Amino acid sequence: MNPINTLKTTFKNTDLFEQALTHRSWVNENPNVRGTNERLEFLGDAILEYVVSSFIYLKFPDQEEGFLTALRANIVNTKSLAHLAEKLELGSFLFLSKGEEQGGGRTNQSLLADTVEAIIGALYLDQGLDAAKTFISDHLLNDMSEVLDKPLKDPKSRLQELVQSKGMPAPRYKIVKEEGPDHSKEFIIEVIVGEKSAGTGSGRSKSSAEQDAAEHALESLTDLG
């Protein structure tokens with residue numbers, strides 16, 4: 001059985017589970033059926049941050065706040081959550097509008113990450129904090145060695161250090177597009193290195209979109225000459 005279907009069988013209230021998978025675009029095309037997953041996402045985001053913060057605080061008693069903050073960011077960032085969604089094959093089960101689906105919504109990293117947070121929120125409401133903790137522990141905290149192998153500095157900081165080490169000016173970030181209502185916007189941002197586009201990224205805030213763009217730039221800039 002698909003991991004998402006297996007998870008669904010644990011829910012007492014399957015309507016809550018389906019709401020967690022419901023993007024606002026589907027609600028616009030299917031009014032008066034159910035709400036979007038945005039409120040669940042809001043709740044799940046807070047629970048995720050609490051559970052991860054508590055876990056790493058206890059696991060690394062000798063580390064300072066800066067280390068803990070950077071480590072948490074590596075665990076709960078858009079890329080990490082989207083990777084989990086892909087492992088769960090979550091994209092196939094999303095309720096999307098035809099336009100959102102045609103636009104690549106089922107593989108959109110920001111959208112997938114949001115849905116993971118909504119599922120965490122739904123688990124909390126349906127089964128309590130322990131169930132949400134178990135989901136987070138099983139899927140995001142089960143291999144800390146892999147997380148610790150990643151650079152702790154955020155992508156923007158690493159990109160800036162890289163280009164400045166080559167004697168180039170700091171990267172510039174430009175908003176390419178803003179989508180969605182004010183309470184749930186998605187930003188598409190391009191990062192310029194020198195005079196050339198080095199990568200684009202998306203996120204629910206300008207800051208997260210810039211980090212995503214920097215991550216893509218780091219992947220593509222193997223030689224700044």
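The values are calculated or read from the model by the stated rules, or taken from the named source; none is laboratory data. None of these values were measured; they are calculated from a predicted model. Methodologically, a virtual Cβ is constructed for each residue, glycine included, from the backbone with ideal geometry; neighbour enumeration extends over all protein chains shown.
General remarks:
- SER25 vs. criteria among the polar types (S, T, N, Q), modelled with pLDDT of 90 or more, surrounded by fewer than 17 Cβ atoms within 10 Å (Cβ to Cβ) and assigned to a helix (DSSP H, G or I): no
- Criterion: surrounded by 14 or more Cβ atoms within 10 Å (Cβ to Cβ), assigned by TED's automatic domain parsing to the domain that holds TYR57, of a type in the set (D, E, K, R) and in a helix (DSSP H, G or I) - qualifying residue of ASP138, ASP212, ASP130, ASP126: ASP126
- Which numbered condition LYS150 fails, given (1) within 26 Å of PHE60 (Cβ to Cβ); (2) in contact (Cβ under 8 Å) with a residue 12 or more places away in the chain; (3) in a helix (DSSP H, G or I): (3)
- Members of segment 141-181 that are within 30 Å of PHE17 (Cβ to Cβ) and surrounded by 14 or more Cβ atoms within 10 Å (Cβ to Cβ): LEU141, MET144, VAL147
- Conditions (1) in contact (Cβ under 8 Å) with a residue 24 or more places away in the chain; (2) in a helix (DSSP H, G or I); number of the one not met by MET168: (2)
- Lone unmet requirement of (1) modelled with pLDDT of 95 or more; (2) in the same structural domain as GLU65 (by TED's automatic domain parsing) for GLY105: (1)
- Condition met for GLY44 (assigned by TED's automatic domain parsing to the domain that holds LEU96 and either of a type in the set (A, V, I, L, M, F, W, C) or part of a helix (DSSP H, G or I) (or both)): yes
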